[in-house]
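What follows is a single structure, written as structure tokens, with notes after it.
We did not get these values from a lab; they are worked out from the coordinates using the rules stated. This one's a predicted model, so the numbers in the text were calculated from it and none came from an experiment. All Cβ positions, even for glycine, are placed from backbone atoms using ideal geometry, and neighbour counts span all protein chains on display.
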Amino acid sequence: AAGVIQSPRHLIKEKRETATLKCYPIPRHDTVYWYQQGPGQDPQFLISFYEKMQSDKGSIPDRFSAQQFSDYHSELNMSSLELGDSALYFCASKDPSSYNEQFFGPGTRLTVL
Amino acid sequence: AQSVTQLGSHVSVSEGALVLLRCNYSSSVPPYLFWYVQYPNQGLQLLLKYTTGATLVKGINGFEAEFKKSETSFHLTKPSAHMSDAAEYFCAVAPGPGFQKLVFGTGTRLLVSP
């Protein structure tokens, strides 16, 4: 069965650089969520999109932006990276008929040096 | 607002012993509840979920959980632990159907000794 695809799987950046994380949801899933999991912490919700429109916003820094495209894939853009942005970034997708069951991708591990 | 409390950041059991991971939730509306498992350096895998209906839900790998509204709990159990169960377990809550975000607990690391 198809799963959520995230790229890249690993990313190393310097402080003040920018990064773009990509998420490809399961086919026919129209909702995408982004979560950030710091070392030893629980996943924290960042932002979500439904039918290409932002549907909810969590603790996402102003330096970050995201969008969902016409093919439903989503990109998380991160600028002016800080050391504290080092984390595992998960994307999850949901299909229209599920009871909020979110399918998670393998995550992108971002390391900021 | 929704919140989740997982009692015990670490739980240690012997192989073959009962596994009990505790989760209590707070929700102003009937919640949807989930348990996810995370193996090292991997994503989150859904173990089981409660939405409506039967309060005892069975999941993958022999796990089950019971929704107890009166106790606002959704504890995860497995009769006999296996070495491969060693992982991080997260309880999560969502305020019903739709595209609302999941709110996670802080996680419980399950350690299984031979």
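Listed values, structure above:
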| quantity | calculated |
| --- | --- |
| Given charges at beta-carbon only (K, R positive; D, E negative), |dipole| of the stretch B:1-108 in Debye | 280 |
| Charge dipole of the stretch B:8-114 about the Cα centre (unit charges at C-beta), most positive-ward option of B:LEU76, B:VAL13, B:VAL103 | B:VAL103 |
| Bins of 10 Å from zero: percent of alpha-carbon pairs in the stretch A:1-65 | 17, 47, 33, 4 |
| Above-threshold pairs, the threshold being 29 Å between Cα atoms, out of A:LYS13/B:LYS49; B:LYS58/B:LYS101; B:LYS78/B:LYS101; A:LYS22/B:LYS78; A:LYS15/A:LYS94 | A:LYS13/B:LYS49; A:LYS22/B:LYS78; A:LYS15/A:LYS94 |
| GNM result for chain B, Cα springs below 10 Å: residue of B:GLY43, B:GLY16, B:GLY62 fluctuating most strongly | B:GLY43 |
| Ellipsoid semi-axes in whole angstrom, largest first, where each is sqrt(5λ) of the Cα gyration tensor of the stretch A:11-113 | 23, 14, 11 |
| About the Cα centre, charge dipole magnitude for the stretch B:52-107 (Lys/Arg +1, Asp/Glu -1 at Cβ), debye | 160 |
| Footprinting exposure proxy for B:LEU7, A:LEU83 (fewest neighbouring C-beta atoms within 10 Å first) | A:LEU83, B:LEU7 |
| Fraction in percent of alpha-carbon pairs per bin - 5 Å, the stretch B:1-76 | 3, 14, 24, 26, 20, 9, 4, 1 |
| Gyration tensor verdict on the stretch B:28-109 (Cα atoms; rounded if a/c is under 1.5, prolate if a/b is larger than b/c, oblate otherwise) | oblate |
| Charged-residue dipole, Cβ positions (Lys, Arg, Asp, Glu), chain A about Cα centre, Debye nearest 20 | 240 |
| Paired Rg and Dmax values of the protein assembly as shown, which use every Cα atom, in angstrom | 17.5, 51 |
